[in-house]
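The values are calculated or read from the model by the stated rules, or taken from the named source; none is laboratory data. Note that this is a predicted model, so its numbers are computed, not measured. We place every Cβ from the backbone using ideal geometry, glycine too, and count neighbours over all the protein chains shown. Calculation scope for accessible area: heavy atoms of the full protein, side chains included, ligands and nucleic acids excluded. Shrake-Rupley method; radii C 1.70, N 1.55, O 1.52, S 1.80 Å.
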Amino acid sequence: MRLREDVVLPCKNDDGGEKEEVMEDVTVAQNQWCPVVNAGFSSPKRVVVVGYALTTKKIKSFMQPKLEGLARNKGILFVAIDHNRPLSDQGPFDIVLHKLSGKEWRQVLEDYRQSHPEVTVLDPPDAIQHLRNRQYMLQAVADMNLSDSYGIVGVPRQLVIKRDALAIPELVNKAGLTLPLVAKPLVADGSAKSHELSLAYEQFSLQNLEPPLVLQEFVNHGGVLFKVYIVGDAIKVVRRFSLPDVSKWELSKDAGIYRFPRVSCAAASADDADLDPTVAELPPRPLLEKLAKELRWRLGLRLFNLDIIREYGTRDQFYVIDINYFPGYGKMPEYEHIFTDFLLSLEQGKYKKKSG
Ligand SMILES: O=P(O)(O)O[C@H]1[C@H](O)[C@@H](OP(=O)(O)O)[C@H](OP(=O)(O)O)[C@@H](OP(=O)(O)O)[C@H]1O
Ligand SMILES: Nc1ncnc2c1ncn2[C@@H]1O[C@H](COP(=O)(O)OP(=O)(O)O)[C@@H](O)[C@H]1O
Ligand SMILES: [Mg+2]
Ligand SMILES: [Mg+2]
């Protein structure tokens, strides 16, 4: 199945040039080369040096003392990348972690990847870029057509609206989309604006929306969603509260557009809540394993998460509604163990390749 679209949206400005994004605020730290002593061993252990280029917000949520402490014990050293100096002059790094926007920065990384094939850059900038547009974000899931004895995984039907708000009611009608619809900003770049979503109950009020956006069919799911975190081969699932179901009665009564805030943020954990077991039951592990494996390959990414919902009243009909690159791992249980094991496995993989 192909995702619906009324227009193909190139990432262009009105003047036709590719939109130059502003480099987000980053913490600039001095390169912290320091010897790591491996207590109890006579020969020094090789240190895995991980450079990171992340926003201040991400550093705060990800670089927690419990991660850095465990990493140090396992022989991993995290080093902040300084944007004001050439990347090649820093390090040497074994691994580079990054989540920053900007065309220039992408080019810096791409050049570095070419000139330093021995360094694992997580992940390729182009592959990440793909997730920053909600028109393409879910395409890989749609293409997979995953359906087996454990369940069916699809994506809600959606329509891309590039600019003309007045044409939306007609386009929705033509596309045969069923109300209510979730309106999502087309660009998903982690900014506050990109998380400003609304729910539209009625066709004519759709013209009050502000394109560019994606209109997605709202799927009742019992008010709970599953966040599936992927770190290489590892998968971790948590429950979060989500938007409540919309009844037919509400749909007939409500008109207009309702903006809603960040409903499924970390504070909305539903792991300890007393929930209807049919709603709370996690998606089957084998289904998630298959989905994650296939998506790692199709997206060319190793660090991402999926927001998945189960259609209310079904046992096995799932929808992926969102994919985020380098999500809030700091809120994933045991993330420090999972992440450090992953980083070490990357280095072991390189060593095996060399000696094999
Ligand atoms: O898009 P959704 O599904 O909402 O997921 C978001 C993104 O992953 C955010 O990362 P980014 O801002 O890099 O896109 C993350 O923020 P941090 O990792 O920075 O904390 C949020 O954590 P919470 O706001 O804690 O939920 C997480 O909910
Ligand atoms: N198609 C949908 N059906 C039902 N609820 C949805 C749908 N799309 C989004 N939501 C709700 O809106 C929230 C935010 O949407 P999402 O696509 O995850 O955007 P964001 O990138 O801002 O997290 C989700 O966590 C979920 O609660
Ligand atoms: Mg989300
Ligand atoms: Mg998102």
Check your understanding: Regarding Tyr312, is this residue open to solvent by 60 Å² or more (accessible area, probe 1.4 Å), of a type in the set (Ser, Thr, Tyr) and over 26 Å from Ala192 (Cβ atoms)?
Key -> yes
Practice item. Evaluate the following for Leu295: is it under 26 Å from Val119 (Cα atoms), touching a helix residue (DSSP H, G or I) at 6+ places or on another chain (Cβ under 8 Å) and crowded, with 16+ Cβ neighbours inside 10 Å? Key: yes
Exercise for review: Take the stretch 199-210 and flag every residue that is open to solvent by less than 50 Å² (accessible area, probe 1.4 Å) and either aliphatic (A, V, I, L, M) or over 23 Å from Lys248 (Cβ atoms) (or both).
Suggested key: Leu199, Ala200, Leu206, Leu209
Review point. Mind checking whether some residue in the stretch 110-120 is under 22 Å from the mean Cα position of the chain (by Cα) and either buried (at least 17 other Cβ atoms within 10 Å of the Cβ) or small (Gly, Ala, Ser) (or both)?
Key: yes
Check your understanding: Would you call Tyr329 away from ligand 3 (no atom under 16 Å from the Cβ), surrounded by 17 or more Cβ atoms within 10 Å (Cβ to Cβ), aromatic (Phe, Trp, Tyr) and within 18 Å of the chain's Cα centre (by Cα)?
Key -> no
Study note, to complete from the structure: Only one of (1) small (Gly, Ala, Ser); (2) away from ligand 4 (no atom under 16 Å from the Cβ); (3) out of contact with any strand residue (DSSP E or B) (no Cβ under 7 Å at 6 or more places or on another chain) does not apply to Gly328, and that is (2)
Review point. Is it fair to say Glu334 is at positive phi, of a type in the set (D, E, K, R), open to solvent by 30 Å² or more (accessible area, probe 1.4 Å) and more than 15 Å from ligand 4 (Cβ to nearest atom)?
Key: yes
Practice item. Just name the residue that is most open to solvent (accessible area, probe 1.4 Å) out of those in the stretch 248-272 that are assigned to a loop (DSSP other than H, G, I, E, B) and within 16 Å of ligand 1 (Cβ to nearest atom). Key: Arg262
Check your understanding: Just wondering, is there one or more residues in the stretch 188-198 that are more than 18 Å from the chain's Cα centre (by Cα) and open to solvent by less than 20 Å² (accessible area, probe 1.4 Å)?
Key -> yes
Check your understanding: Just for the stretch 310-340: of the residues that are touching a helix residue (DSSP H, G or I) at 6+ places or on another chain (Cβ under 6 Å) and away from ligand 2 (no atom under 14 Å from the Cβ), which one is farthest from Cys265 (Cα to Cα)?
Key -> Thr340
Check your understanding: Of all the residues that make up the stretch 235-247, how many are of a type in the set (Gly, Ala, Ser) and buried (at least 18 other Cβ atoms within 10 Å of the Cβ)?
Key -> 1
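Results for (1) of a type in the set (Asp, Glu); (2) farther than 23 Å from Ile152 by Cα; (3) at pLDDT below 95, shown as yes or no for each residue.
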site: Pro284; (1), (2), (3): no, no, no
site: Ile309; (1), (2), (3): no, no, no
site: Tyr312; (1), (2), (3): no, no, no
site: Glu336; (1), (2), (3): yes, yes, no
site: Phe342; (1), (2), (3): no, yes, no
site: Lys352; (1), (2), (3): no, yes, yes
Exercise for review: Evaluate the following for Ala280: is it farther than 17 Å from Leu197 by Cα, within 16 Å of ligand 1 (Cβ to nearest atom) and assigned by the TED database to the domain that holds Gly190?
Suggested key: no
Practice item. Find the residue count for the stretch 172-187, including only residues that are surrounded by fewer than 20 Cβ atoms within 10 Å (Cβ to Cβ) and within 13 Å of ligand 3 (Cβ to nearest atom). Key: 1
Exercise for review: Can you work out which of the residues in the stretch 136-159 that are within 16 Å of ligand 3 (Cβ to nearest atom) and more than 14 Å from the chain's Cα centre (by Cα) is surrounded by the fewest Cβ atoms within 10 Å (Cβ to Cβ)?
Suggested key: Pro156
Review point. Given the conditions (1) open to solvent by 40 Å² or more (accessible area, probe 1.4 Å); (2) farther than 30 Å from Pro212 by Cα, and given that Val79 satisfies all but one, which numbered condition is not satisfied?
Key: (1)
Check your understanding: Going through the stretch 63-95 one residue at a time, which ones are closer than 23 Å to Asp126 by Cβ and in contact with a Lys or Arg (Cβ under 9 Å, 6 or more places away or on another chain)?
Key -> Asp94
